[in-house]
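None of the figures in this text is laboratory data; all of them are computed from the coordinates on show. Computed from a prediction, not measured in an experiment: that's the story for all the values here. Note: ideal-geometry Cβ built from the backbone for every residue, glycine included; neighbour counts use all protein chains shown.
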């Protein structure tokens, strides 16, 4: 393009390029019908970028070049939804769906009811706002009343139109999701960088949309399907019209929705996609059934939590059979010895599964799990799988019972089984496996937030004996880091900068980062606020600690024990020497409360956690543990031999988690 192009011609050319690029973006990202090659498309974008550099006053927020133009976000502000984003009630079988229709007919007895059936995308709910036809804001579902403003991150999603052909204020709602192909690519990249894999595509999508740098979000490959639209706060006359109107505005809608004239049509749609869901490149965990008429929806109304005119019919848990090739013991940060089944790799809901936790020794004995067994595995709720049962009919006689070790498999110290607990623990405070996990916890985002100090780097530091304890990371020099694999001068300098920045973290983060047993984020904040300085905490006695909110007998005992150990006294001395903050400042940063507004009920005998531990974890993340189940309960955590609370949760459609699923939920929030 000639630099001396007159401005009037530049305006015309820029407008033409934008229209052309927007057309090809829709054909590629929405219609899956590309009209030109990637190379030709890139040439159009490069020409537009060049013209906009020459005429910066012609750049607009709606230009395709501005999808990733924002600076990294300081944090996410909370925004109230114009219309609440209610959750959906769930049902799990045909009878429960017929009961749903029965409730509708009691309120609207004399009118024919039509439904729209849609695939239930397992993603992240989002509301997208346009002012005078221009994209202005994107808000997560949050608690349904308020959500996070993630506008710059959503703007990176290429199927999203940045401008609409209307002067109305428009709000479109839908689900952000991560295709399986992108999910597998991201996990491969994370593993190469020594970072932990995402458990499932939904967690990866939620984690991606909360990244602080839009440029990083743009690399993730997020996409979205829209399912409802308000124009000047008004909906169309029916859900089928809503979907048509979304398409008219160039929004991407799921191609597999269906107008159903009866419940039998709905059930046929459900059966079809229950059998075909693995043919999709995204995760669906059921179908959503909506009364089609907006007038009928208004007559039916809503409860405080759910619309009465819509429900989701969930698919059964995904199951597969595979073989246990081996059972290994994993040593955690607290020394807990956890058995892990190494499986013959098997495809399950688009993901290759090769490992599954076996929880503890009691679980192995109860299910009589042996090395070489053929087992049924399940992804209930589409999370990391568990072994449901052994298929004993397939035993050949060559299977081997697993003997739980009496020694730590890493350092060979004695494994101690505390009374009343389900897990054995390594007794060696200097165990390399415990140190590895302790370092990873210390550097994690919710603790000291040392970006770059991931699994691969920690492994190399330990292998090369560059780090023998936590304070050693503050003694690392440039020459120590630059020789590590995949660690060039720039990466080494970045890691050094991150380590240096961690010295300024709040005392509450440091207390949490030390990994004192039973001390989560919330308790760490309470301790920091009460004692103001670290020395006072270290010298506190059992009785004084019990006076603090969120500190019970087990926590107090654990804190006193931690500061009584000579190696921990030395650890604190060296951290002080390194220059870390040891005085609490009012208003200093606090951990993120991912479970704020959510309530949990515990029922049955928990084996992997004590009740106190599970309660502390939930409260640390801002959640609340209550004693009775209601329709407002967020989750019921079920252990062995659950009681009436379990049955009530099922009857109310409350989400039910076993201990492993609970752990995965917590891990996904980190």
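Below are the figures for this structure:
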read-out	value
Hypothetical label at residue 626: residues of the range 77-107 whose amide nitrogen lies under 20 Å (7 Å Cα-Cβ projection)	85-90
Cα pair count fraction exceeding 50 Å, expressed as % - the chain	19
Chain lengthening between residue 53 and residue 321 when straightened (0.36 nm per residue, less Cα-Cα)	90.7 nm
The chain, relative contact order [Cα under 8 Å, separation at least 6], %	10
The range 253-311 - convex hull of alpha carbons, volume per residue in Å³	106
Helical contribution to [θ] at 222 nm, DSSP H n ≥ 4, -39,500 (n - 2.57), averaged over the chain, rounded to 500	-10500 deg cm²/dmol
Shape box of the range 286-350 [Cα atoms, principal axes, largest first, Å]	59, 31, 14
Stretchable slack from residue 406 to residue 560, in nm (0.36 nm times residue separation minus alpha-carbon distance)	52.7 nm
Where N is the number of residues in the range 213-357, Cα Rg divided by 2.2 N^0.38 Å	1.46
FRET efficiency for residue 388 and residue 368, using Cβ-Cβ distance with R0 set to 22 Å, rounded to 0.05	0.95
